[in-house]
Amino acid sequence: MSDTLHEPWLRGIAFNPAAPSDVLIRLLDRAAGEAGLLMCELRHLPDAVIDAALHHPAGGIRRALAGNRHIDPTRLAPLAADPSGIVRGRLAGGARPRHRWVRPLPDDILVTLLTAQDGGEDGMLTEHEIVQELSFSRQIPQSFYRSMAGHEHPGLRVRAAQRWQSLTPAQREALLDDPDPAVREAAQESSWELDPEAVEATLPSIGSLSKPHVLGTCALSPALVEQCFADDTVHSLT
C-alpha cells in the first residue's frame, strides 16, 4: 500500500460499522495516526473499544473519547476523575460544536467534577477552570440542583441555593437553616428572587442587561407589574 493511501485506508476502517472490535482497538495505537483519535471522537463505538479507550495510556485518546456525543454519558464516568485535567476539561466542556440541544451529564459525573480538589496531574487546568467549563457547557440540568439541595457536600448545597427558583419550598427552608454558614449565606443571597418587595427594592441597582431576566423570572409586586405596563417594558413579563 502506498504511503498516500495508508491514512485514508485506516480512517475508512475506523468508521466502518462492520469492523470488529479487535481491529478498532488496534487503531488506538499511535502508529495508526489520526484514525484512532477521530474514531474515538466522532462515531458510536462497541463496548470493548470504549473500555480500551477509557484506560488507554495516551491522554489524547481519552480526551477524544470525552468529547464523543454518540456514547452514552454513563460510560464516560471514569473520565470525570481522569489523571489528566485536560481530559476532565474536555468532558466538562462537552462535545464540539455544540448543538442546540445539549445532552446533560449524569449526576455522578457532575458531582465528581464539581467536588474535585485538584485539576489533574498534568497541571494544565485548575479544578475551578474545569468547573467553569462545565458551567458554560449547558450539561447541568435544573433537576440536578434540586437533587443536590440535601447533599452531604456543602459546596453542592451552596450551588443548589444559587438556583433558588428551581427548589421546593421545603428545600429553600432547609437551606436557610443549614448547619453550614456558607450554605446559609448563599440561601440568604438568593432568597430575594421570590420576595416581591425585595425584587422591587433591588431592581434599581441591577444593570440594564440583567433587568429583563429579573422581570421574566422573579416574583413581582403588583406595583412593579403596573410600572412595567406604564413604561412599555412588558416584553420580559410575557
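Of 124, 39, how do they rank once you tally other Cβ atoms within 10 Å and put the fewest first?
124, 39
For the range 32-119, state which trypsin sites (Lys or Arg not before Pro) are in a DSSP loop and have at most 16 other beta carbons lying within 10 Å of their beta carbon.
Filter output for the range 32-119: 43, 69, 98, 100.
Just to confirm my numbers, what's the Cα centroid distance between the range 95-120 and the range 6-30 in Å?
28
At a 10 Å Cβ-Cβ cut-off, how would you order 231, 22, 180, fewest neighbours first?
Lowest count first: 231, 22, 180.
Just to confirm a number: summing +1 for Lys and Arg and -1 for Asp and Glu over residues other than residue 150 whose beta-carbon lies under 15 angstrom from that of residue 150, what do you get?
Within the 15 Å Cβ shell, the charges total 0.
With θ set to phi - 60° and the Karplus curve 6.51 cos²θ - 1.76 cosθ + 1.60, what are the ³J(HN,Hα) couplings of the range 83-93 in order, to the nearest whole Hz, using x for Gly and Pro?
Along the range 83-93, the couplings run x, 8, x, 5, 5, 4, x, 5, 4, 5, x Hz.
Determine the equivalent ellipsoid of the range 152-191 by diagonalising the alpha-carbon gyration tensor, then write out the semi-axes as square roots of 5 times the eigenvalues, largest first, rounded to whole Å.
In descending order, the three semi-axes are 13, 10, 9 Å.
What is the order of 226, 200, fewest Cβ neighbours within 10 Å to most?
226, 200
Could you work out [θ]222 nm for the chain from helices alone, using -39500 (n - 2.57) per DSSP H run of at least four and dividing by all its residues? Round to the nearest 500 deg cm²/dmol.
So the helix-based figure for the chain works out to -14500 deg cm²/dmol.
Determine the gain in length on full extension of the stretch residue 9-residue 77; use 0.36 nm per residue of separation and subtract their C-alpha separation, reporting nm with one decimal.
Difference between extended and current length: 21.3 nm.
Translational D (Stokes-Einstein, µm²/s) of the range 90-187 at 25 °C and 0.890 mPa s when Rh comes from the Kirkwood sum over C-alpha pairs?
Answer, rounded: 172 µm²/s.
Quick check on the range 1-143: what does the Kirkwood estimate of hydrodynamic radius come out to from the alpha carbon pairs, in Å?
15.6
Mind listing which GluC sites (Glu not before Pro) in the range 106-188 are in a DSSP loop and have 11 or fewer other Cβ atoms within 10 Å?
Those satisfying the criteria are 121, 152.
With loop defined by DSSP as not H, G, I, E or B, and exposure as at most 14 other Cβ atoms within 10 Å, which is the longest segment of the chain clear of exposed chymotrypsin sites (Phe, Trp or Tyr not before Pro)?
Maximal segment without exposed cleavage sites: 102-238.
Taking a temperature of 37 °C and a viscosity of 0.692 mPa s, what whole-number D in µm²/s does Stokes-Einstein yield for the range 175-238 with Rh from Kirkwood over alpha carbon pairs?
The calculation lands on 258 µm²/s.
Hey, for a label at residue 31 modelled as a point 7 Å past Cα toward Cβ, could you say which residues of the range 40-84 have their backbone N under 12 Å away?
Hits in the range 40-84 for residue 31 at 12 Å: none.
Every number in this text was worked out from the coordinates using simple rules, so none of it is lab data. Computed from a predicted structure; not experimentally measured. Counting neighbours? That spans all protein chains shown, and the Cβs are built from the backbone with ideal geometry, glycine included.
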